[in-house]
Structures are given as C-alpha cells and as structure tokens.
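In what follows, a structure is listed as structure tokens, so that the remarks can point back to it.
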Amino acid sequence: MSFSIVRWMAVVRAARARLAAMAIPTEPIGSIPRPQELLRAMREHIAGGISAESLDKAYDRAVRDTIERFEATGSPVITDGEQRKSSFVTYPLEGLKSLAGDGVMIPFKDGHTRQLPRITQGPFHYGKYAGEYVQRAKPFTKRPLKQAVISASALSLLYPPSGIEWYPRQRFLDDLVNEAAADITSALSAGAEVVQIDFTEGRLSLKLDPTGGLLKSFVELNNRVLDRFDASERARIGVHVCPGGDHDSTHSADVDYGGLLPALFATHAGRFYLQLSSEADRPRVLKQIAELLGPGQLVFVGVTDPISKRIETPEEVCGRVLEAAKFLPVDRLGTTDDCGFSPFADDDSTARDVAFAKIRARVDGTAIAAARLGV
C-alpha cells in the first residue's frame, strides 16, 4: 500500500472520529434498494406462493442486512432502508379497502409513470403508522434511527376531484391532518431520533400549477400537521424535497428551485433536506437558501446523486460541503443524499453495493470537510 493511500486513510479515520461528535451532521434520506431475495418473496406472497410469516422473515433479514451495512459506512444516523414499505408514499394505505386504482398519474421524464390510488369513501384513516418500522428496526441497532413519513399534502391527492358523497373534501383534510400527525407521533414515540417528511410533490406542484397556488396550499396543509408539535419536537422534524427519483428518472427536475424555496422555508419544520448535488447551478440555489434560512433551521444539502451510477469520491463530497459553507453558517449545515435510493419497492435500478458506497463517500467526505473547516 502506497504512502499516499495510507495517509489518505489516516485522514479519513481522523476526520470520521471528529464526525462522531456531529461537527457537521450527516443523514440518509431513507430508502435503500431491496435485496433480490426480498423482492422475490414479495412477488411470491402476492401470487400466494408463500405465507405472510415467510414474507415477514424475509423483511427481517433485509432490515438486519441493511442496518449492518449502514453501520459499516460509519453513518452516525441510519434508517431501516424502508425495506418493509411498499413505497415511500403508499405505506399508510396498506390493508385499506376503500381504495380504487385510478388516482393521480405522475409522469417521469423517461416516459414511465406511477399512479396513486384514490379513496372511495370516508372517513379516512391510515392502515399502518411509521412507528411500527422503528419498533421493528430498533432490536438490530444501537445507533440513532431516522424515520421517513409521507406528507399530508401528498396524501391529499387521494381525494377525487369529483368529490365523495357524504364525505366533503374539508372533512377528509381534517381526518388527514389528524392521521399525519399521529404518524409522526408514532415514530417519535417509538424512539426515532429524527422524523423526515417526504415532500417530493412540492417541486412537482409547480409543474402542475405554475402560479404557485397548489404549492401554497400544500405548505399550509403540512403546517397544520406540524403545528400539532411543540418547538422541541419540530427541531427533530424535517422536510425533504427533490425532483423525484424512480428508475433513474425524475418528474420535475426542470422546475426551477427559485419558485419552490420561498414557500418551502415557510414550512414550520426545524430541518430541510434538499436535493442539490445534481443541481446545475448550486451557488445560485445556495445563495437563495441563505437568504431564506430562518432562526434555528438546519439545512442538509444533497452531496450524492442516487440516480447516477457513478460513485462520488469523498473528495468530491468534501468539495460540495465546502462550497455550501461559503453561503451557509457551518453550525446550520448538514449533508444528505439527494433522494432515497429506492422510494418504490420494485425499483432496483441502483445496486445495493452502489447505494452503500455512495453513503460511505458522503460520510467520509463530510468528515473531511469538517476537519478542513476546523469544526
């Protein structure tokens, strides 16, 4: 092994030791590609080939392996990789009967689509709460767990434009706010260190409604949920935005951040997880973020691109952190991935090995940047 490599590894080890004190916090977004064994088990269960008990054991194996591999990256905060979720948006709907399959269609740049269900009757309630995922993951780790939840605004799209007899939209939204708040509470009560609200439809809303009216209504709805929590709780609750990431494609990367950020930073959250590494003009966006950042708010900038097969180097990640530090106070700065690596369970376009290599690069690069910034 050459001297330069030995020296580099020593720098990384020393820097990661500093990161353990959370000089610059770094967190994943959430999802990790499922192992092929789990994907087969899920298909076989749907086809009636294996029991629910066998499927549950496959979930446990996937969660255990995911957590072990997360820990091996040195990540100070980890997730269960969303191994048990059908998708980042549909998990609350598991087991519900009052659904039809012909809801809102979301088109992606490469031509593929995802379609949401629609509710057919009320009252609306969740079939599953995110706290269950925390409870099932905790026996496998002693590290702080982060839990992603879907936004109330995303689930508001389940209500049909034509309405539902005897169940007006306003009553649906009241029920939705109650359930979304209960979802966050379940995760915090189960022991999640941080809860992240996935708000990928924020950027998409400006494509659907360039006036910004839909985005404003989304933020107002999410704030109704966040206002159920006190200041200390909101400091542990964050919001994630990105242009979507599914099968290596996006749904709204062509929407300018300039139209999103003012409304986003009006959200009553303590943390913001922002896709940034794949952004064409990061300095412009960082400058706008610096102007909008409110008291006590933390910004986690994306430093790895989950829909790119190329694995970033720690030095590249370090450079992106140093770039962000030119605009943002270091004590308000963290790092993250641009998006989850597999928000939908069937998306295996990224290999698990690639996902964890990118996470390791993020952790190591953030630690090196913290050392160079002297924090």
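The values are calculated or read from the model by the stated rules, or taken from the named source; none is laboratory data. These figures come from a predicted structure and were not determined experimentally. Please note: Cβ atoms are built from the backbone with ideal geometry, for glycine as well, and neighbour counts cover all protein chains shown. Please note that ligands, DNA and RNA were not included when accessible areas were found on the heavy atoms of the full protein model with its side chains. Shrake-Rupley method; radii C 1.70, N 1.55, O 1.52, S 1.80 Å.
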Item checked: Heavy-atom accessible area per residue - the chain, 1.4 Å, Å² -> 41 Å²
Margin query: Please give me, ordered by residue number, the trypsin sites (Lys or Arg not before Pro) of the stretch 87-143 that lie in loop per DSSP and have at most 13 other Cβ atoms within 10 Å.
Written below: Lys97, Lys142
Next item on the list: Using the Karplus curve 6.51 cos²θ - 1.76 cosθ + 1.60 with θ = phi - 60°, work out ³J(HN,Hα) for each residue of the stretch 228-234 in order, rounded to whole Hz, and write x for Gly and Pro.
Entry: 6, 10, 7, 4, 5, 6, 5
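Could you tell me which chymotrypsin sites (Phe, Trp or Tyr not before Pro) in the stretch 138-221 are loop residues by DSSP with no more than 14 other beta carbons within 10 angstrom of their beta carbon?
Hits after loop and neighbour filter: Trp166.
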Notebook entry, point to check: Taking only the alpha carbons of the stretch 46-167, what extent do you get along each of the three principal axes, in Å, biggest first?
Noted result: 51, 34, 30
Notebook entry, point to check: Just how much of Ile311 is accessible, in Å², when a 1.4 Å probe is used and the result is rounded to the nearest 10?
Noted result: 70 Å²
Note to self: If every alpha-carbon in the stretch 63-114 counts as one equal scatterer, what log10 I(q)/I(0) does Debye give at q = 0.22, 0.25 1/Å?
What the structure shows: -0.88, -0.96
Next item on the list: Compare the peptides 189-198, 276-285 by average per-residue count of other Cβ atoms within 10 angstrom and give them in order, highest first.
Entry: 189-198, 276-285
Note to self: Considering only C-alpha atoms, what is the centroid distance from the stretch 228-279 to the stretch 290-367, in Å?
What the structure shows: 13 Å
Next item on the list: Please label the shape of the stretch 176-314 as rounded, prolate or oblate, based on the square roots a ≥ b ≥ c of the eigenvalues of the alpha-carbon gyration tensor (a/c under 1.5 means rounded; beyond that, a/b larger than b/c means prolate, else oblate).
Entry: prolate
Notebook entry, point to check: Taking Cα pairs under 8 Å and at least six residues apart, what relative contact order does the chain come out at, in percent?
Noted result: 22 percent
Next item on the list: Using a 1.4 Å probe over the heavy atoms of the protein chains, calculate the carbon and sulfur portion of the accessible area of the chain as a whole percent.
Entry: 55 percent
Notebook entry, point to check: What is the count of Lys pairs in the stretch 77-167 whose alpha carbons sit under 27 Å apart, if the two are 8 or more places apart or on different chains?
Noted result: 11
Notebook entry, point to check: What is the spin-label model distance, in nm, from Glu233 to Gln36 if the labels are put 7 Å beyond Cα along the C-beta direction?
Noted result: 4.5 nm
Check: Can you list the residues, at least 5 places off or on another chain, whose amide H is less than 5 Å from the amide H of Val149, using H built in the peptide plane?
Finding: Gln196, Ile197, Asp198
Next item on the list: Between Ser86 and Glu316, with labels modelled 7 Å along Cα→Cβ, what's the label distance in nm to one decimal, could you check?
Entry: 3.6 nm
Note to self: Under 15 Å from a point placed 7 Å out from the Cα of Ser217 along the Cα-to-Cβ direction: which residues of the stretch 95-124 have their backbone N that close?
What the structure shows: 104
Check: For the Cα atoms of the chain, what angle does the longest principal axis make with the long axis of helix 169-190, in degrees from 0 to 90, nearest 10?
Finding: 40 degrees
Checklist line | Cα shape, the stretch 90-138, gyration tensor, a/c 1.5 rule | finding: oblate
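Per DSSP helix of 4 or more residues, -39500 (n - 2.57); summed, then divided by the residues of the chain. What does that give at 222 nm, rounded to the nearest 500?
So the calculated ellipticity at 222 nm is -13500 deg cm²/dmol.
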Checklist line | Longest to shortest principal axis, alpha-carbon extents of the stretch 107-225, angstrom | finding: 47, 39, 26
Next item on the list: Could you order Asp346, Asp60 so the one with the most accessible surface comes first? Probe is 1.4 Å.
Entry: Asp346, Asp60
Check: Once phi is turned into θ = phi - 60°, what whole-Hz ³J(HN,Hα) does the Karplus curve with 6.51, -1.76 and 1.60 give for every residue of the stretch 260-271, x standing for Gly and Pro?
Finding: 8, 4, x, 5, 4, 6, 8, 6, 7, 10, x, 9
Item checked: Shape call, the stretch 293-375: gyration tensor on alpha carbons, a/c limit 1.5 -> oblate
Next item on the list: Write out the cysteines belonging to the chain for which the nearest other cysteine Cβ is not under 4.7 Å, or none if no such cysteine exists.
Entry: Cys318
Item checked: Dipole of the chain, positive direction: furthest Cα of Val177, Leu96, Gly296, with charges on the beta-carbon -> Gly296
Item checked: Pair-distance profile P(r), taking every C-alpha pair of the chain, with 20 angstrom steps and integer % -> 29, 60, 10, 0
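At a threshold of 8 angstrom on Cα-Cα distance, excluding pairs fewer than six apart, so keeping six or more, what relative contact order does the stretch 81-179 reach in percent?
Computed over the stretch 81-179, the figure is 30 percent.
Would you mind calculating the gained length between Gln135 and Asp110 on full extension (0.36 nm times residue separation, minus the Cα-Cα distance), in nm to one decimal?
Taking 0.36 nm per residue and subtracting the Cα distance, the gain is 5.3 nm.
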Check: Between Asp348 and Ser308, how many nm apart are label points set 7 Å from Cα along the C-beta direction?
Finding: 2.6 nm
Check: Which value, in Å² rounded to 10, gives the accessible area of Glu220 with a 1.4 Å probe and all protein chains present?
Finding: 90 Å²
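For the pair Asp175 and Lys97, what calculated FRET efficiency results from E = 1/(1 + (r/R0)^6), where r is the Cβ-Cβ distance and R0 = 22 Å, to the nearest 0.05?
Efficiency, rounded to the nearest 0.05: 0.85.
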Item checked: Solvent exposure ordering (accessible area, 1.4 Å, most first) of His125, His112 -> His125, His112
Item checked: the chain: antiparallel DSSP beta bridges as a percent of all, rounded to 5 -> 25 percent
Item checked: Computed accessible area, Thr113, all protein chains, 1.4 angstrom probe, square angstrom -> 70 Å²
Item checked: Folded to 0 to 90 degrees: helix 282-292 orientation relative to the chain principal axis, Cα -> 70 degrees
